[in-house]
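**Student:** Got a structure for you, questions after.
The values are calculated or read from the model by the stated rules, or taken from the named source; none is laboratory data. Computed from a predicted model, the values in this text were never measured in an experiment. Neighbour counts run over all protein chains shown; Cβ positions are idealised from the backbone, glycine included.
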């Protein structure tokens, strides 16, 4: 995941994929989510399993699996705010770039479905080493946008947003 932060920022990111993602998120936020006391639907479980497979492929630098799990128009927003195309993400996770990546753990999921499109919001964490070698606990809010294709669900987008102490105090 840290390797993604080394890509250049785009000066003129394509607005079409991002606009599609924003419209999907905004239109789905009013739908009910499953949580405590509500049984998840089969589709919810399929999407969570897809996220787990996606996370495992990232930690194993399995670009081929990432290619299968992402749509051609996939776009990602890194924790530093960089826009990354599918091509850039796949290049970053090529086997020759394999390095030590901390295991990311998802604590919970909120799944919103509308037809063949879904938005998943997840709180995730991982532990890493800071510059001085000190252990560092990192929390992220991750938003995934998925779409059902004939072969199953695929990712349209993922956004990784750091959760800071100031953002949790409201």
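**Student:** Take the residues in region 122-153 that are closer than 26 Å to residue 70 by Cβ and not in a strand (DSSP E or B), then tell me which one is modelled with the highest pLDDT.
**Tutor:** Ranking the candidates gives 150 first.
**Student:** Can residue 91 be described as over 14 Å from residue 155 (Cα atoms), at pLDDT 50 or above and surrounded by 13 or more Cβ atoms within 10 Å (Cβ to Cβ)?
**Tutor:** yes
**Student:** Restrict the check to region 143-151 and report whether at least one residue is surrounded by fewer than 17 Cβ atoms within 10 Å (Cβ to Cβ) and within 20 Å of residue 83 (Cα to Cα).
**Tutor:** Scanning region 143-151, I find no residue that is surrounded by fewer than 17 Cβ atoms within 10 Å (Cβ to Cβ) and within 20 Å of residue 83 (Cα to Cα), so the answer is no.
**Student:** Of these, 26, 18, 107, 4, which one is farther than 20 Å from residue 149 by Cα, in contact with a strand residue (DSSP E or B) (Cβ under 9 Å, 6 or more places away or on another chain), at pLDDT below 90 and assigned to a helix (DSSP H, G or I)? I'd like the intermediate steps shown before the answer.
**Tutor:** Numbers: 26 fails: in contact with a strand residue (DSSP E or B) (Cβ under 9 Å, 6 or more places away or on another chain); 18 fails: farther than 20 Å from residue 149 by Cα; 107 fails: assigned to a helix (DSSP H, G or I).
Going through 26, 18, 107, 4 in turn, the sole match is 4.
**Student:** Out of everything in region 52-76 that is under 16 Å from residue 97 (Cβ atoms) and under 11 Å from the mean Cα position of the chain (by Cα), what residue ends up being modelled with the lowest pLDDT?
**Tutor:** That would be 58.
**Student:** Also: Based on this model, can you work out whether residue 79 counts as farther than 18 Å from residue 106 by Cβ, outside any strand (DSSP E or B) and either modelled with pLDDT under 50 or within 17 Å of the chain's Cα centre (by Cα) (or both)? Show your work before the answer.
**Tutor:** Numbers: farther than 18 Å from residue 106 by Cβ: no; outside any strand (DSSP E or B): yes; either modelled with pLDDT under 50 or within 17 Å of the chain's Cα centre (by Cα) (or both): yes.
Considered against the rule, which asks whether it is farther than 18 Å from residue 106 by Cβ, outside any strand (DSSP E or B) and either modelled with pLDDT under 50 or within 17 Å of the chain's Cα centre (by Cα) (or both), residue 79 comes out as no.
**Student:** What residue, among those in region 118-142 that are farther than 19 Å from residue 56 by Cβ and crowded, with 17+ Cβ neighbours inside 10 Å, is nearest to the chain's Cα centre (by Cα)?
**Tutor:** First, pick out the residues of region 118-142 that are farther than 19 Å from residue 56 by Cβ: 118-119, 121, 129-137, 139, 141.
Still in the list and also crowded, with 17+ Cβ neighbours inside 10 Å: 118-119, 121.
Working: 118: 13, 119: 10, 121: 9 Å.
Only one residue tops the list, namely 121.
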